[in-house]
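The values are calculated or read from the model by the stated rules, or taken from the named source; none is laboratory data. Just so it is clear, the model here is predicted, and its values are computed rather than measured. Here the Cβ positions follow ideal geometry from the backbone for every residue, glycine too, while neighbour counts run over all protein chains shown.
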Amino acid sequence: MNFILKLIVITIIILSQISCSKKETKVTVLENKDLKSQMIELYQDGYEAFLEKDTLFAAKKFNEAELIFPQSDWAPVAALMTAYVYYSDDYYSDAIYHLTRYLKVYPKHKNIDYAHYLLGMCYYENIIDEGRDLDPLLKAKKEFEILIKNYPNTEFAIDAGFKLGLITDRLAGKEMYIGRHYERSQKWVAAINRFKNVVENYETSAYVEEAIYRLAEVHYIIGLEDEAKKYATLLGYNYGSSTWYKASYKIFNKDYNLSEKEIFSIKEKDKKSIFKKFKKRFKNLFN
């Protein structure tokens with residue numbers, strides 16, 4: 001995000017060094033110079049206010065810089081800075097508004113990848129309780145997917161990929177929570193649908209092994225032993241060393257008991273799985 005701040009400094013330097021060696025008589029030229037001068041002052045005021053953590057004043061000045069000289073190449077940079085200063089101080093709603101506007105007004109600007117990333121982060125950091133409201137989570141997912149699809153080689157794509165992994169786990173976790181509730185309530189079909197959703201749509205999440213185990217368990221409970229064996233076999237084929245696969249032994253053999261160590265291992269594996277996936281995906285960071 002520092003590169004945006006650097007752009008401001010470069011802007012101020014470039015504009016302040018514009019040659020005034022020739023006097024123009026046309027009114028339009030004089031007006032343009034005056035606008036540029038005003039824009040530089042607004043940038044300077046906004047940047048200084050930002051450094052002093054005066055968020056509202058900084059955003060106001062950057063917004064004015066864009067509006068006073070909208071035909072300038074630096075107008076979209078001012079629009080981004082308005083959004084960024086709001087984001088930096090957790091004014092997510094304001095940042096989202098200005099980023100959404102930027103994407104509509106400047107759809108071909110060179111920093112469009114940054115805008116999608118910042119918009120995704122606004123939604124991501126605005127997640128309070130995905131159990132009640134999935135909207136911010138889904139919107140963050142959409143922005144990160146756009147970024148990875150259209151700008152895969154940018155500096156933001158790696159972090160967006162990591163954030164998508166976390167979002168996938170949170171969405172899968174919600175499905176598992178609801179599925180377990182349905183299973184405890186003996187709402188078998190509803191439980192099966194939730195667990196299947198995890199297996200089919202969140203196959204990279206940390207919950208897929210448990211979801212397959214639950215499918216085997218529920219099918220066995222309702223008397224569909226062949227289906228239960230199918231899922232247990234699937235679990236063994238893909239996760240043969242998994243403690244969830246070992247736990248599936250007890251579905252078909254009630255006398256089989258997991259040791260306390262194995263039970264603890266299941267819980268620990270769930271906790272560590274997100275980091276392991278991150279480490280595997282971005283192994284170069286750990287060399």
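Considering the stretch 148-201, and only residues there that are of a type in the set (Ser, Thr, Tyr) and not in a loop (DSSP other than H, G, I, E, B), the residue that is surrounded by the most Cβ atoms within 10 Å (Cβ to Cβ) turns out to be Thr168.
Contact map, the stretch 210-239: first residue part of a helix (DSSP H, G or I), second residue basic (Lys, Arg), Cβ cut-off under 7 Å, separation 6 or more or different chains; pairs are Leu215/Lys196.
Picking from residues in the stretch 127-144 that are closer than 22 Å to Tyr97 by Cα and surrounded by fewer than 16 Cβ atoms within 10 Å (Cβ to Cβ), the one that is modelled with the highest pLDDT is Lys142.
Which of the residues belonging to the stretch 158-199 are free of Cβ contacts under 8 Å to residues at least 40 places away in the same chain and within 30 Å of Tyr117 (Cα to Cα)?
Selection gives Leu164, Thr168, Ala172, Gly173, Glu175, Met176, Asn197, Val198, Val199.
Against the definition (among the charged types (D, E, K, R) and farther than 30 Å from Ile146 by Cβ), how does Glu183 come out, yes or no? Before you say what the answer is, go through the steps one by one.
Numbers: among the charged types (D, E, K, R): yes; farther than 30 Å from Ile146 by Cβ: yes.
Yes; evaluated as a whole, the condition is true for this residue.
Screening Ser205 with (1) under 16 Å from Thr168 (Cβ atoms); (2) in a helix (DSSP H, G or I); (3) modelled with pLDDT under 90 gives one miss only, at (2). Tallying residues that are aromatic (Phe, Trp, Tyr) and more than 34 Å from the chain's Cα centre (by Cα) within the stretch 211-233 yields 1.
Among the residues making up the stretch 152-211, those that are aliphatic (A, V, I, L, M) and more than 19 Å from Ser242 (Cβ to Cβ) are Ala157, Ile158, Ala160, Leu164, Leu166, Ile167, Leu171, Ile178, Val189, Ala190, Ala191, Ile192. Taking the criterion of being in contact with a Phe, Trp or Tyr (Cβ under 8 Å, 6 or more places away or on another chain), among the hydroxyl-bearing types (Ser, Thr, Tyr) and within 21 Å of Tyr124 (Cα to Cα), the only residue of the stretch 158-214 that qualifies is Thr168. Name every residue in the stretch 43-72 that is closer than 19 Å to Leu99 by Cβ, among the acidic types (Asp, Glu) and surrounded by fewer than 20 Cβ atoms within 10 Å (Cβ to Cβ), in order of residue number. Correct list: Glu64 only.
Hand me the list of helices (runs of 4 or more DSSP H) wholly inside the stretch 58-147 holding 1 or more residues that are closer than 24 Å to Asp169 by Cβ, of a type outside the set (Asp, Glu) and touching a Pro at 6+ places or on another chain (Cβ under 6 Å).
Numbers: elements: 75-88, 92-105, 112-125.
Filter on the stretch 58-147 gives 112-125.
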